[in-house]
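Scroll down for the structure; my scribbles are underneath it.
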């Protein structure tokens, strides 16, 4: 639907912003071809902001008004048959006895509860968790027949689901192992795929799970913009104040963003040693006492908050020399450059030749009517005589640096005799200091929560293990992950294009990675689709995520029509011919219809945000 509109834009502007598709020599095109018209940043932003509310239907009308023919490019893909790849049928793995082991069998709903609470404590209007969850086999690179998982069904929506353990998992004095599989069937545009180990407490079993539910550990991949990491965050309780503080892993490893199944494993031992594995390979290890920010133990000493810097304290190490005087021969008015009086005109300088001449090969186009099109003037080209000479036109002596230039005089700097150094408040014992040599003694875990907002659907969770046995986790890896991952690799390899196929096709880019200057049409289309999807799901997130589009709300119709009609009028002036008057008139006729469609689009998007399913607001809870 967008193709014809993109053709119109492509006809008007090329990748460096200059007008094209002109008939060479024609006066109207000559004006455009010889004086480049560029999009400024502000104009581009205004156009994109307005275009976001037009939608594809409006783009079609705009194309029709400009008289462009619709063009489309069809692509075909082929893949090698994967019928020869043998796939096993799923059977539950029952050889492990763990505190929690989830394979998402058909009775999964007896253990997992989607949340319809409202997302709170965000500082903005609250939004309900309206994202749907599915229970299905993967539709991308199916590894094992009948192997189902928990699937995120909606993009640009808040999702939340949780399960409660029959018996809390107490990590004190034991190793804690968290392991699960994630399959990003549509990639990970912007969002997370992590798990929260929920803190065991009375309210956990009575309240709906949400972003405010207290957790012990958060672990798993997260990607958005420049952020791409595997989170490992744990909440630590200050034994003196009773307050909880998040401790974030420093230098977290990068998440693996592929469409094959990825296995994430976290191991924390009683001696505070931790290890993160991806697909069974260690990618990060360290200790809870040294590799987290802020540190578990607060500093023993802190700056005295009551200590004040004395008024006579001097922190300036250098000062201007008060005894220095400007030299008598110092001329502050001397120019930086002067004319080189010793320069002479080169012997081959062509003073009577101009830099450009009329193109001797240009011819007046057939059908040119001076009364309608104006006097025809041949375009200019560089003078070929000047290419072999030192220069053309009037010769002037060049400039050279002025040896007498010294600039503005300033006093030289000297050491300050009154300097006392950089002032710092005195140190005192930290009243909040405590020692915790065993932060690995996490509080009991009562369940698992998955709470996320993502721009990608099709995220599949499977084979979640929470327990104390590293050996059990490795056995699960071999029996489940390694089997399906091997099949996925075979299928992925079989589906790759043969050598020579699609070599010229660039890798697809995220709308956030596109550059307006490289391809204005694709930039507008991709970001338009992304913004409308976001706005219909969650206007607040849309505005926060793409502020450039949201900034033009107040000038939707006026800006877009002014740019398009203004551009057409510029092409037509000063003497429009009958052949091009018709599409302009048609554009004016359709303007009213465009405005009505824009208003309808805005009303529909606003209604979709306002008519979100209502949910009973959770009662406030204590941690």
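Taking square-rooted eigenvalues a ≥ b ≥ c of the alpha carbon gyration tensor, is segment 311-372 rounded, prolate or oblate, where a/c under 1.5 means rounded and, failing that, a/b exceeding b/c means prolate?
Numbers: a/c = 6.19, a/b = 2.36, b/c = 2.62.
Oblate.
Can you put 158, 116 in order of Cβ neighbours within 10 angstrom, beginning with the fewest? Walk me through the numbers on the way to the answer.
On the way: 158 24, 116 15.
Going from sparsest to densest Cβ surroundings: 116, 158.
Packing-wise, with mean Cβ within 10 Å as the measure, how do 401-412, 255-266 rank, highest first?
Ranking, from highest mean packing down: 255-266, 401-412.
Mind ranking 325-334, 135-144 by how tightly packed they are, going by the mean number of other C-beta atoms within 10 angstrom, highest first?
135-144, 325-334
Label-point separation (nm) for residue 437 and residue 312, each offset 7 Å from Cα along Cα-to-Cβ?
With each label point 7 Å from Cα toward Cβ, the separation is 5.0 nm.
How long is the gain from residue 406 to residue 345 if the chain were fully straight, where each residue apart is worth 0.36 nm and the alpha carbon distance is subtracted?
Taking 0.36 nm per residue and subtracting the Cα distance, the gain is 19.0 nm.
To the nearest 0.05, what FRET efficiency results for residue 136 and residue 238 with a Förster distance of 51 Å applied to their C-beta separation?
After rounding to 0.05, the efficiency reads 0.70.
Could you tell me which of rounded, prolate or oblate describes segment 360-439, using a ≥ b ≥ c as the square roots of the eigenvalues of the alpha-carbon gyration tensor, with rounded for a/c under 1.5 and, failing that, prolate when a/b is larger than b/c and oblate otherwise?
Oblate, because a/c is 1.5 or more while a/b does not exceed b/c.
Every read-out reported here was derived from the displayed coordinates using simple, explicitly stated rules and does not represent laboratory data. For clarity, every value in this text was computed on a predicted model and none was experimentally measured. Note that each Cβ is placed from the backbone with ideal geometry, even for glycine, and that neighbours are counted across all protein chains shown.
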